[in-house]
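Asks: First, the structure itself, so that you have it in front of you.
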Amino acid sequence: MQIGNRKFDTEHDCYVMGILNITPDSFSDGGKWNDLERAKQHTADMISQGAAIIDVGGESTRPGHQPITVQEEIERIVPIITMIKQCFNIPVSIDTYKSAVAKAALEAGADLVNDIWGLRYDPNMAPLIAKYQVSCCLMHNRNKPDYHNFLSEVCEDLKTSVSIAKAAGISDAQIILDPGVGFGKTYIQNLTILHHLEKLNELGYPVLLAASRKSVIGLSLDLPAEERLEGTLATTVLGVLHGAAFVRVHDVAPNLRAIRMTQAILQEEKPHGLTAF
């Protein structure tokens with residue numbers, strides 16, 4: 001698929017989406033990159049480590065987060081996206097579920113809309129994405145983790161998001177699906193969706209896995225957010241094994257190494273572009 005000026009082989013490869021939170025209260029890295037220069041340096045670091053996309057977020061969506069106004073979110077993300085597009089040659093994703101924020105981000109140069117509500121929160125989001133002819137990531141989410149048949153209902157909810165996208169004129173080639181680890185799910189349900197990621201492949205779209213440092217890792221290993229790298233790497237390897245095309249992570253370099261090592265084992269050869277020492 002095409003995102004910005006780059007083509008992604010979503011059938012045969014797995015790419016790293018680096019997280020750039022412009023927030024004071026994100027669960028793992030709140031406040032670290034709010035300054036324009038620090039954001040620029042972190043973006044440069046992630047690109048040098050192999051990030052293929054930079055995902056910019058202006059509002060924390062962790063459980064219990066404090067909502068902010070649309071204007072405040074726009075004021076946080078527009079200067080950052082503008083800076084990235086001026087200084088770097090890399091696709092940029094905007095992590096928002098609000099169409100007004102997405103519009104401001106797209107006008108600043110964003111190439112992908114990453115919507116944690118899968119187009120089901122803001123009715124103006126799908127037409128906006130179609131108008132700008134950009135790609136979108138549609139995440140599974142619910143207000144409460146109430147399910148009769150968990151895996152089937154996750155897939156049905158994602159099918160609903162896809163239907164909204166297609167009705168608005170978004171093409172199949174512009175759609176990515178995210179199982180929504182940590183959103184509208186209990187601890188056990190998060191483990192279940194990770195265990196059965198291959199179910200999403202049946203829907204026929206590239207899959208993005210966003211489990212980096214999340215509570216399912218913390219609860220499994222009894223570790224705080226800053227000590228969840230190894231648990232995140234385990235989910236990344238699992239993602240590769242189950243055909244994920246993207247992983248959204250905080251720690252780019254180690255996750256990319258885990259991807260390449262897993263691919264080498266699966267292919268029984270040296271991954272393309274790596275140098276042997």
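Asks: Restricting the calculation to Cα positions, tell me the Rg (one decimal) and the Dmax (whole number) of region 154-277 in Å.
Replies: My reading of the Cα-based Rg and Dmax gives 15.7, 52 Å.
Asks: Oh, and also: Considering only DSSP states other than H, G, I, E and B, which GluC sites (Glu not before Pro) in region 148-243 qualify as loop sites with at most 13 other Cβ atoms within 10 Å?
Replies: Sites meeting the loop and neighbour criteria: Glu202.
Asks: Leaving ligands, DNA and RNA out of it, report the carbon-plus-sulfur percent of the accessible area of the chain at a 1.4 Å probe.
Replies: 52 percent
Asks: Using only alpha-carbon positions, what ratio does the radius of gyration of region 216-257 give when scaled by 2.2 N^0.38 Å?
Replies: 1.14
Asks: Between beta-carbons, use under 14 Å as the cut-off and find the net charge around Lys7, counting Lys and Arg +1, Asp and Glu -1.
Replies: -3
Asks: Any lysines with Cα under 19 Å of the Lys40 Cα? List them, leaving off those in the same chain fewer than 8 positions away.
Replies: Lys32, Lys85
Asks: Helix-only mean residue ellipticity at 222 nm, the chain, DSSP H runs n ≥ 4 weighted -39,500 (n - 2.57), per residue, nearest 500. What is it?
Replies: -13000 deg cm²/dmol
Asks: For the cross-link pairs Lys98/Lys166; Lys159/Lys199; Lys166/Lys214; Lys98/Lys214; Lys98/Lys131, which exceed 21 Å when the distance is taken from alpha carbon to alpha carbon?
Replies: Pairs exceeding the cut-off: Lys166/Lys214; Lys98/Lys214.
Asks: I'd like the FRET efficiency for Asp45 and Lys7, computed as 1/(1 + (r/R0)^6) with the beta carbon distance as r and R0 of 22 Å, rounded to 0.05.
Replies: 0.35
Asks: Dividing the alpha-carbon radius of gyration of region 122-220 by 2.2 N^0.38 Å (N being the number of residues), what value is obtained?
Replies: Dividing the Cα radius of gyration by 2.2 N^0.38 Å gives 1.10.
Asks: Near the amide H of Asp95, under 5 Å away, which other amide H atoms are found, from residues 5 or more places off or on another chain, if H is placed in the peptide plane?
Replies: Placed amide hydrogens put Val56, Gly57, Gly58, Asn114 under 5 Å from Asp95.
Asks: Over the chain, calculate the relative contact order: mean separation of alpha carbon pairs under 8 Å at least 6 apart, over the residue count, as a percent.
Replies: 18 percent
Asks: Separate question: Please give the solvent-accessible surface of Lys166 in Å², to the nearest 10, using a probe radius of 1.4 Å with every protein chain present.
Replies: Approximately 100 Å² for this residue.
The values are calculated or read from the model by the stated rules, or taken from the named source; none is laboratory data. Everything numeric here is computed off the predicted structure, so don't read it as measured data. For neighbour counting, all protein chains shown are included, and Cβ atoms are generated from backbone atoms with ideal geometry for every residue, glycine included. What goes into the accessible areas is simple: the full protein's heavy atoms, side chains included, and nothing from ligands, DNA or RNA. Shrake-Rupley method; radii C 1.70, N 1.55, O 1.52, S 1.80 Å.
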